[in-house]
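The structure's right below; bear with me while I get my questions together.
The values are calculated or read from the model by the stated rules, or taken from the named source; none is laboratory data. In this text, all values refer to a predicted model and were calculated from it rather than measured experimentally. All Cβ positions, glycine included, derive from the backbone under ideal geometry; neighbour counts span all protein chains shown. Only protein heavy atoms, including side chains, enter the accessible area calculation; ligands, DNA and RNA are left aside. Shrake-Rupley method; radii C 1.70, N 1.55, O 1.52, S 1.80 Å.
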Amino acid sequence: MTDFPSRPLPFSELPPEEMRARAKAFFEAMKTRRTVRDFADRDVPREIIENAIRSAGTAPSGANHQPWHFAVIGKGPLRARLRAAAEAEERAFYESKASAEWLAALAPLGTDAVKPYLETAPWLIAVFAQRRGGARAGEDRKNYYVAESVGIACGFLLAALHQAGLATLTHTPNPMGFLSEICERPENEKPYMLIVAGYPAPGARVPEHALIKKPLQDISSWL
Ligand code: IYR
């Protein structure tokens with residue numbers, strides 16, 4: 001290895017029983033996460049979102065360049081514009097762009113082009129992937145494994161929001177160019193995903209289809 005600055009890893013080993021308990025407890029917590037499409041018009045303190053984004057920012061990334069930007073859109077005048085733009089893309093999707101096969105796959109979720117939560121939910125987080133950047137703000141180097149890095153960060157973000165007691169939704173209208181415009185993000189950044197966070201509306205329901213989770217034996221092989 002070439003010479004590079006390093007320091008001892010802070011690591012406190014847990015007793016095996018505690019490891020087992022924590023792994024189980026995390027699974028028990030995560031399996032209660034549901035994608036929600038019906039949000040209450042209730043405030044959520046900004047600090048909760050800030051800390052969830054801090055958690056997302058700890059994700060591993062190519063060359064530790066952290067190629068992500070989280071544009072947080074609270075309640076305000078941008079919402080009506082954003083909803084109108086997203087619904088226009090969704091109408092094009094549902095009315096003509098989507099194949100019959102795709103629409104059939106979506107049918108058990110009951111989704112359509114109408115997205116009221118884009119106005120009612122207290123927080124929208126538009127996630128952008130940066131083609132160039134660096135480990136420190138202001139750097140302009142090539143980024144690596146951008147989609148993988150941003151995907152992991154979104155996973156951390158969803159887990160953190162769930163852990164904080166919030167309902168979430170991943171929304172990916174296609175194309176998402178309107179997000180760059182509305183959030184005034186530079187050319188270098190590609191809109192990646194819109195994450196909706198808040199309380200579920202009273203009486204919110206989830207599709208039975210979403211409750212199907214493949215068991216361990218169907219998602220793993222042990223060699
Ligand atoms: N973006 C659309 C369609 C949609 C596509 C998939 I794949 C989903 O898992 C859910 C929705 C929408 O948000 O309605």
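Over the chain, calculate the relative contact order: mean separation of alpha carbon pairs under 8 Å at least 6 apart, over the residue count, as a percent.
Worked out over the chain, it gives 32 percent.
Check the straight Cα-Cα distances from Lys213 and name the lysines below 20 Å, setting aside those fewer than 8 residues away within the same chain.
In chain and number order, the partners are Lys24, Lys31.
A further question follows. Which value, in Å² and to the nearest 10, is the accessible area of His65 when all protein chains are kept and the probe is 1.4 Å?
That residue has around 20 Å² of solvent-accessible surface.
Given axes a ≥ b ≥ c from the Cα gyration tensor, I'd like to know whether the chain is rounded (a/c under 1.5), prolate (a/b larger than b/c) or oblate.
Oblate, because a/c is 1.5 or more while a/b does not exceed b/c.
Roughly how many nanometres apart are two label points built 7 Å out from the Cα toward the Cβ at Ala84 and Leu223?
For the pair Ala84/Leu223, the computed spacing is 5.4 nm.
Give the ranking of Lys75, Lys24 by solvent-accessible surface, highest area first, calculated with a 1.4 Å probe.
Sorted descending by solvent-accessible area, the residues read Lys24, Lys75.
Could you tell me the distance between the Cα centroids of segment 10-83 and segment 129-208, to the nearest Å?
11 Å
I would also like to ask the following. If I model a spin label at Tyr94 and Met19 as a point 7 Å from the Cα along the Cα→Cβ vector, what separation in nanometres do I get?
In this crude spin-label approximation the distance works out to 4.9 nm.
Once you've got the GNM for the chain with C-alpha springs shorter than 10 Å, pick whichever of Asp41, Asp112, Asp140 has the biggest mean-square fluctuation.
Between Asp41, Asp112, Asp140, it is Asp140 that shows the largest mean-square fluctuation.
What residue among Leu82, Leu158, Leu103 has the largest mean-square fluctuation in a Gaussian network model of the chain, using Cα springs under 10 Å?
Sorting by GNM fluctuation, first place goes to Leu103.
May I pose another question? Report the full-extension gain for the segment Arg33 to Asp3: residue separation times 0.36 nm, less the Cα-Cα distance, to one decimal in nm.
6.4 nm
Something else about it: Can you compute the modelled spin-label distance between Ala210 and Ser12, with each label point 7 Å from Cα toward Cβ, in nm?
3.7 nm
Something else now. List the lysines whose alpha-carbon lies under 26 Å from that of Lys97, not counting same-chain residues fewer than 8 positions away?
Once the sequence-local lysines are set aside, what remains near Lys97 is Lys115, Lys190.
Separate question: How much area per residue is accessible in the chain when the probe is 1.4 Å and only protein heavy atoms are counted (Å²)?
Heavy-atom SASA per residue in the chain reads 64 Å².
Checking understanding here: applying a Kyte-Doolittle mean of at least -0.5 and a length along the axis of at least 18 Å (C-alpha), which whole DSSP H helices in the chain pass? It would help to have the intermediate numbers written out before the result.
Working: long enough: 16-30 (21 Å, -0.56); 78-92 (22 Å, -0.67); 146-163 (25 Å, 1.39).
Both cut-offs are met by 146-163.
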